[in-house]
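Trainee: This structure is in structure tokens; I'll ask about it shortly.
The values are calculated or read from the model by the stated rules, or taken from the named source; none is laboratory data. If you're wondering where the values come from, they're calculated on a predicted model, not measured in any experiment. All Cβ positions, even for glycine, are placed from backbone atoms using ideal geometry, and neighbour counts span all protein chains on display.
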Amino acid sequence: MNIGFIPAKTARLAPDREALIDVPNDRRITYGELDRRVIKLANGFLYAGLKKGDRVAILSKNCIEYLEVYFACARVGLIAQPLNWRLGLEELTRIIENGEPSILVCSDEYLDMADDLAEVVSRICVFGTNSDGSYEALVAAGSSNEPPTSSSVGGDDPVLILYTGGTTGESKGALHTHTSLYMGMLNQTVAERIVPTDVYMLTGQMFHIPVGLAMNYMAHGCPVVLINFEARTALEVIERERVSAFLGITTMLNWMMADEKFDDLNLSSLRNIQYGGGPMPHNVVAAALEKFPCTLIQGYGQTE
């Protein structure tokens, strides 16, 4: 199992099906378009001198490029090292020194932070309207042919480092392989009863385990809607995009239920909500089951 091939299946079967709906940046991309860019980016990384086992750090909020990097890294045996943009310079520096990435990919929103991190990472590649175009240049430099190394990648090869504070304070890297992510996906598929007609909304940030949940819905050919969570935005997106499932921590669900427009919006497309990130009090569970028109399941311990 090579996680990087997830968009390839639907790209072959239904290339015009929407893969990602990037709400913050008002962009949409089909599976066919996504897989073509993933292939070119993967080849671009190799052309830039990266080799199997090298780390690629990512500093960005949720966006299409984030998943392009994830899938491109997985395709050719690179290891994605997402960074928490909420952290300060000192903590980000420590994490980069720990993971030793060969390149940092970041959005133009974090150009100042990227400049500060230039002392600890040798190459920086930026995307966005105010960038220097280096990310798109990397994509353009890559071949459109399937990378020659992709067939030898997968299984127990590491694919992702997720940094988590756990119970001891300082962030430490939890290393996932293609197999460990895939087994988590199988568990989620059964628990959430995923079907190809689902529409998944990614409420969490991609520097943590929710990105694996989104990838799994994509493995079933589902469109994934990307947001940076705000209660009103989430509710409006559920109505507009006919979202059927999402992950919400206790605080998110409380904020959504407290929104003054909650009862005015059509949330009938919802089929399931998974909650996690900590225990949910019984009264919140009861309120959510009463107000949301769907089932509620709990997930935990997925980062480590």
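Trainee: Within region 177-220, which residues are within 25 Å of V105 (Cα to Cα) and without any contact (Cβ under 8 Å) to a residue 12 or more places away in the chain?
Mentor: Within region 177-220, S180 is the sole residue that qualifies.
Trainee: Conditions first: (1) among the small types (G, A, S); (2) under 19 Å from the mean Cα position of the chain (by Cα); (3) in a loop (DSSP other than H, G, I, E, B). G49 passes all but one, so which condition is the exception?
Mentor: (2)
Trainee: Name every residue in region 259-304 that is among the small types (G, A, S) and either part of a helix (DSSP H, G or I) or in contact with an Asp or Glu (Cβ under 6 Å, 6 or more places away or on another chain) (or both), in order of residue number.
Mentor: Within region 259-304, A286, A287, A288 qualify.
Trainee: Further, regarding this structure: For region 200-219, which positions are assigned to a loop (DSSP other than H, G, I, E, B) and either within 17 Å of Y70 (Cα to Cα) or among the aromatic types (F, W, Y) (or both)?
Mentor: Passing the criteria: G204, Q205, M206, F207, H208, I209.
Trainee: For region 67-122, how many residues meet the condition of being among the polar types (S, T, N, Q) and farther than 30 Å from Y31 by Cβ?
Mentor: Residues flagged as among the polar types (S, T, N, Q) and farther than 30 Å from Y31 by Cβ within region 67-122 amount to 3.
Trainee: Being out of contact with any helix residue (DSSP H, G or I) (no Cβ under 6 Å at 6 or more places or on another chain), surrounded by 16 or more Cβ atoms within 10 Å (Cβ to Cβ) and of a type in the set (G, A, S) narrows it down to one residue among S150, S107; which is it?
Mentor: S107
Trainee: Another question about this same structure. Of the numbered conditions (1) surrounded by fewer than 20 Cβ atoms within 10 Å (Cβ to Cβ); (2) without any contact (Cβ under 8 Å) to a residue 60 or more places away in the chain; (3) within 26 Å of M183 (Cβ to Cβ); (4) not basic (K, R), L13 satisfies every one except a single condition; which is it?
Mentor: Here L13 meets the rest and fails (2).
Trainee: Now, a different point. Among the polar types (S, T, N, Q), more than 30 Å from P223 (Cβ to Cβ) and not assigned by TED's automatic domain parsing to the domain that holds A219: which single residue out of S122, S60, S107 fits that description?
Mentor: Among S122, S60, S107, only S122 is among the polar types (S, T, N, Q), more than 30 Å from P223 (Cβ to Cβ) and not assigned by TED's automatic domain parsing to the domain that holds A219.
Trainee: Also, I was wondering about something else. So which residues in region 1-44 are in a strand (DSSP E or B), in contact with a helix residue (DSSP H, G or I) (Cβ under 6 Å, 6 or more places away or on another chain) and of a type in the set (D, E), if there are any at all?
Mentor: Scanning region 1-44 gives a single hit, D22.
Trainee: In region 47-81, how many residues are of a type in the set (K, R) and touching a helix residue (DSSP H, G or I) at 6+ places or on another chain (Cβ under 6 Å)?
Mentor: 2
Trainee: Among N228, N216, N254, which is buried (at least 22 other Cβ atoms within 10 Å of the Cβ) and out of contact with any Gly (no Cβ under 6 Å at 6 or more places or on another chain)?
Mentor: N216
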